[in-house]
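Got a structure for you, written out below as structure tokens; questions coming shortly.
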Amino acid sequence: MRPSPVVARAASGCSTAALAFFRLRPLGRAARSPPAGRFAFSGTATCRGRLVDSVLEELRSRSLVRVSARIGLQDTKELSESKIDKKTLRKGLLLEFDKDSDRAMLAVVERPDGKKNWIVTDQNGTLSSIKPQQVTYVVPGTMNFDCSRIAEFLEKAEDLLDPTILECAWMELSEKDKSVTVEEFADIVYGSKESLESYCAHFLLSRDIVYFLKVESRGSSTYQPRTSAQVDELLRRKLAKEAADKELEEFVDLLKSAKALPLDSKPSKSSWLMDEKVKQKIESLQAYAVDACNDAQRRMAGNILKAMGFSRTSSAALKLLINVGYFPVHVNLDLFRYDVQTTYTEEVLSVAEELLADCPDSDKHIRKDLSSLRVYAIDVDEADELDDALSATRLPDGRIKVWIHVADPTCFLQPRSIIDREAMHRGTSIFLPTATFPMFPERLAMNAMSLQQGTDCRSVSVSVTLNPDGSIAEYTIENSVIKPTYMLTYEGATELLYMNLEEEEDLRILQEAASIRAQWRCSQGSIDTSMIEPRIKVANPDDPEPNINLYVEDQNNPAMQLVTEMMILCGEVVAAFGADNNIPLPYRGHPQSSTAVSAFTYLPEGPARSVANISVLRAAEMDFRKPVAHGVLGVPGYVQFTSPIRRYVDLLAHYQVKAFLRGDTPPYSAGDLEGMTFIASMHVKVARRLHSNSLRYWLLEYLRRQPKGRKYKALILKFIKGRMATLLLVDVGIQVTTAVAAGKVGDEATVVVEMVHPRDDILSVTEIPEDTD
């Protein structure tokens, strides 16, 4: 049945909203594409009022051939939209039910299924078991309906779904402020309450989200016309939604195009950020991938993932961003998750450049020239910020005198300046296998502030004369100028020590000083916590298969022990200097454990004993007025002082000590130091977590690339429960948990890697007998 010319003219006078509504999914093809999906439409709610009456009159007056009769429906007592229960449904009824959250379908009731459910045959001929609450409408006047005729029923219904009906009916009913039932609506617009007309009325009203509001009351439903203001607002929202849907569709097409491109042709990350709307959507996906999104970003990302056919999970968002080239395969999500600042503002960079140009030195007049000393700077080979170096000599009386030279960044800075505040809010430099993010702007940190080989460098030199037993005989702290002689790696310094060259006597004296210092600290109750530590450097980290360079460092390495002892000595001296001169400083301490050090002497020296020692340590302490005994290090007081370019708390100690050396009042009180240390420490914790997570990821990636079946030597560190133990893979420096058949803490085992997934932090190993190939 088609509208008369009068109805057609009325349709041309109404908005395109209703027209758009019916274009979305033609009812005549319902057997292939169900009509009952959730539809929406938009436009301006305007319809020529003078046409309303003529439209409705035409619909009532035209000679409607009863489609119901033609398709064999029988009149029965009308079933309302009241609550559906077991008694309401019966075999042969035609009903509509929710197939899922996005689809509703017509079906014929076949038989009961248990106490509450019913078996139905839907419009596609599929048998389903449905619950009563899934039923959205029981078509009145249907008994013994033949399911094979559902398609014909839907085709006939399409003829009655006139696109002008909702809007025009709303115009009439809103003037009277009259609510109607589905059947009353059918009678108004079709002049009949029969099965087909009632279903069409239900179809229109239940999908409408603009003109009518469904009101539930005492088990029955009516539809109330909305006010003109509400309709206008809803149509405005629909227009906005249509625009947003179009933007989403265009963005999804962009993602699909990028996803299909080869790796070397994918758009750059910056290209996704040029258009503001595209940027907003790609950043929503990024926030979703790192579980750091707000509600709007979560909705946006969820819609994008759904449109792309992905599940709505953070891992799916990550996979999509990698597939389109926005993220590299090995992207470090923690940088986004913790909102790590990897760049500097233009203001900070500008101030840094001014400092580089001026090179101020407020302590020039009190610097001591120590450039004649042989100076050794020992660090890892990729170190960019060199902030400490060592010298030594043997005095005529046989005692050893050492110097710990520390870079002097405070000669460039003023407390509370822009650069200083920036450093405080970073807390520390961040060292990752893939990159370094310095605490200060790069040119300032790695050039002007760092110690440079063969160049006169400003420093703070801590000189210490040791007693034969390793205790401190006397010390001085002074501003100085040094000229570093050697820049050595730990491996290079160890090699020189083993070579025992006569011309490197100063290095041998440093080793001797470190040895007697270690013995002295041990006599004071120090605890050995040295471990095997892995270090990784990744070249070209944005490549799918970057180069991974693994270094496993034993902290008992002679050069590492030498440097460690000298750093501890420096910290002890600065604490003593602070105590002697009543200087507020960030003093660090560690109470002695209630478990005696001797309790674990039965364990072999090395990682196993260190793990046992660490397990009984008490919490560290800090004081900002006086030193606190450091039981782990075996010293009466300790202040971190040797890394002022890398750690902000060390920088605070420099401000305080250098002010005293100039004869000035220290810039910070104990309360000030406590507050700033707290702020910096929060960022230090994040940096440590970043380093730990990134290091573990790349260790797992390293293991993933190793030949399957490769054997690894492992050390039993501790037992968790029964024979389940924590092992240390000695050649890799990573810990893993697995069951071992035999052995005790400190014993060796052999394992093979069974499974490794870096992104999911999964590592599984299995012990194998020693004689197994």
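The values are calculated or read from the model by the stated rules, or taken from the named source; none is laboratory data. It should be emphasised that the depicted structure is a prediction, and the values quoted were computed from it without experimental measurement. Cβ atoms come from the backbone with ideal geometry, glycine included; neighbour counts cover every protein chain shown. For accessibility, only protein heavy atoms count, side chains too; no ligands or nucleic acids. Shrake-Rupley method; radii C 1.70, N 1.55, O 1.52, S 1.80 Å.
Can you find, among Thr529, Asn549, Ile516, the residue sitting farthest towards the positive end of the charge dipole of region 511-550, where Lys and Arg contribute +1 and Asp and Glu -1 at Cβ?
So the residue furthest toward the plus end is Ile516.
Another question about this same structure. Can you give the charge dipole size of region 660-705 about its Cα centre, rounded to the nearest 20 debye, using +1 on the beta carbon of Lys and Arg and -1 on the beta carbon of Asp and Glu?
500
Which order do Thr342, Thr164, Thr434 take by accessible area at a 1.4 Å probe, largest first?
Thr342, Thr434, Thr164
Still on this structure: Please give the peptides 541-549, 311-319 ranked by average Cβ packing (other Cβ atoms within 10 Å per residue), highest first, as a rough proxy for protection.
311-319, 541-549
Mind pulling the angle between the C-alpha long axis of helix 314-323 and the longest principal axis of the chain? Nearest 10 degrees, somewhere in 0 to 90.
For helix 314-323, the angle is close to 80 degrees.
Between Glu754 and Lys214, what FRET efficiency follows from the Cβ-Cβ distance if R0 is 60 Å, with the result rounded to 0.05?
Working from the Cβ atoms, E equals 0.55.
Note down the accessible area of Arg647, probe 1.4 Å, to the nearest 10 Å².
Surface accessible to solvent at Arg647 totals approximately 70 Å².
Hey, another quick one. Between helix 228-260 and the chain, what is the angle of the helix's C-alpha long axis to the longest principal axis, kept within 0 to 90° and rounded to the nearest 10?
Once rounded, the angle reads 60 degrees.
Also, I was wondering about something else. Using a 1.4 angstrom probe on heavy atoms only, work out the carbon and sulfur share of the accessible area of region 256-317 in %.
Percent of accessible area from carbon and sulfur atoms in region 256-317: 49.
Let me ask you something else. With all protein chains present, how much of the accessible area of region 579-692 (probe radius 1.4 Å) comes from carbon and sulfur, to the nearest whole percent?
Of all accessible area on region 579-692, carbon and sulfur atoms account for 53 percent.
Sticking with this structure for a sec: Going toward the positive end of the dipole of the chain, with +1 on Lys and Arg Cβ and -1 on Asp and Glu Cβ, which of Pro409, Thr726, Thr227 do you reach last?
Positive-end residue among those listed: Thr227.
Another question, then. Dipole magnitude of region 582-702 about its Cα centre, charges +1 at Lys/Arg Cβ and -1 at Asp/Glu Cβ only, in debye to the nearest 20?
Here region 582-702 has a charge dipole of around 120 debye.
Let me ask something additional. Could you grab the relative contact order for region 367-478? Cα pairs under 8 Å, six or more apart, rounded to a whole percent.
27
While we're looking at this one, here's another question. Count charges around Val730 for me, please; just the other residues with Cβ under 11 Å from its Cβ, Lys/Arg as +1, Asp/Glu as -1.
-2
Of the labelled options (i) 1.57; (ii) 1.00; (iii) 1.18, which one gives Rg/Rh (Cα atoms, Kirkwood Rh) as computed for this structure?
This structure yields the entry labelled (iii).
What is the sum of charges around Leu333, taking Lys and Arg as +1, Asp and Glu as -1, for the other residues whose C-beta is under 13 Å from the C-beta of Leu333?
With Lys, Arg at +1 and Asp, Glu at -1, the neighbours total -1.
Shifting gears a bit: Once the piece of chain linking Glu505 and His365 is laid out straight, how much longer is it, given 0.36 nm per residue of separation minus the C-alpha distance between them?
Contour length minus Cα-Cα distance gives 47.1 nm.
Over the chain, what is the percentage of antiparallel beta bridges among all DSSP beta bridges, to the nearest 5?
Antiparallel: roughly 95 percent of the beta bridges in the chain.
Could you grab the relative contact order for the chain? Cα pairs under 8 Å, six or more apart, rounded to a whole percent.
The normalised contact order for the chain reaches 8 percent.
Measuring from centroid to centroid over Cα atoms, what is the spacing of region 235-266 and region 421-469 in Å?
48
Still on this structure: Starting at the first residue of region 347-352, write each ³J(HN,Hα) from the Karplus equation 6.51 cos²θ - 1.76 cosθ + 1.60 with θ = phi - 60°, in whole Hz, x for Gly and Pro.
Calculated HN-Hα couplings, in order: 4, 5, 4, 5, 5, 4 Hz.
Any idea which of Leu255, Pro484, Tyr655 is furthest toward the positive side of the dipole for the chain, if Lys and Arg beta-carbons carry +1 and Asp and Glu beta-carbons -1?
With unit charges placed on the Cβ atoms, the residue in question is Leu255.
Can you list the HN-Hα couplings for region 417-424, worked out from phi with the Karplus curve (6.51, -1.76, 1.60; θ = phi - 60°), rounded to whole Hz and with x for Gly and Pro?
Values per residue, Gly and Pro as x: 6, 4, 5, 5, 5, 4, 5, 4 Hz.
Whole-Hz Karplus ³J(HN,Hα) for region 164-178, in order, using 6.51 cos²θ - 1.76 cosθ + 1.60 and θ = phi - 60°, x for Gly and Pro?
Once rounded to whole Hz, the list reads 8, 4, 4, 5, 6, 5, 4, 4, 6, 6, 5, 5, 8, 6, 10.
Enumerate the amide H contacts of Ile734 below 5 Å, restricted to partners 5 or more residues apart or on another chain; note that Pro and chain-start residues carry no placed amide H.
Placed amide hydrogens put Leu729 under 5 Å from Ile734.
Same structure again: How much accessible area per residue does region 183-274 have, in Å², with a 1.4 Å probe?
That works out to 51 Å² for each residue.
Stretched out fully, how many nm does the piece from Arg312 to Asp469 gain, at 0.36 nm a residue minus the Cα gap?
Here the answer is 49.9 nm.
Right, another one. Which pairs in the list Lys131/Lys156; Lys256/Lys319; Lys401/Lys626; Lys364/Lys401 are over 20 Å apart, alpha-carbon to alpha-carbon?
Checking Cα-Cα distances, Lys131/Lys156; Lys401/Lys626; Lys364/Lys401 exceed 20 Å.
Could you calculate the FRET efficiency of Ile762 with Lys176 from 1/(1 + (r/R0)^6), where r is the beta carbon distance between them and R0 is 60 Å, rounded to 0.05?
0.35
In whole percent, and with a 1.4 Å probe on the protein chains, what portion of the accessible area of region 428-576 is carbon and sulfur?
45
Ok, one more. Could you tell me the calculated FRET efficiency between Met682 and Ala539, based on Cβ-Cβ distance and R0 = 30 angstrom, to the nearest 0.05?
With a Förster radius of 30 Å, E is 0.40.
If you don't mind, another one. Would you kindly state how much longer the chain becomes between Val380 and Glu276 on full extension, computed as 0.36 nm times their sequence separation minus their alpha carbon distance, in nm to one decimal?
Gain on stretching Val380 to Glu276: 33.1 nm.
With charges only on Cβ, +1 for K and R and -1 for D and E, what is the dipole size of region 447-554 about its Cα centre, in debye, rounded to 20?
Result for region 447-554 is approximately 380 debye, rounded to the nearest 20.
Let me check I've understood the local charge: for Arg521, count other residues with C-beta under 14 angstrom from its C-beta, Lys and Arg +1, Asp and Glu -1. What total comes out?
Summing Lys and Arg as +1 and Asp and Glu as -1 gives -3.
Kindly identify region 440-557 as rounded, prolate or oblate by the Cα gyration tensor criterion: order the square roots of the eigenvalues as a ≥ b ≥ c, call it rounded if a/c is under 1.5, otherwise compare a/b with b/c, prolate if a/b is larger, else oblate.
Judged from the Cα gyration tensor, region 440-557 comes out oblate (a/c at least 1.5, b/c at or above a/b).
To continue, here is another question. Taking the Cα atoms only, what angle lies between the long axis of helix 648-662 and the longest principal axis of the chain, rounded to 10 degrees?
The answer is roughly 40 degrees.
OK, next. Return the calculated 222 nm mean residue ellipticity for the chain, to the nearest 500 deg cm²/dmol, obtained by summing -39500 (n - 2.57) across DSSP H runs with n ≥ 4 and dividing by the residue count.
The helix contribution divided over the chain gives -12000 deg cm²/dmol.
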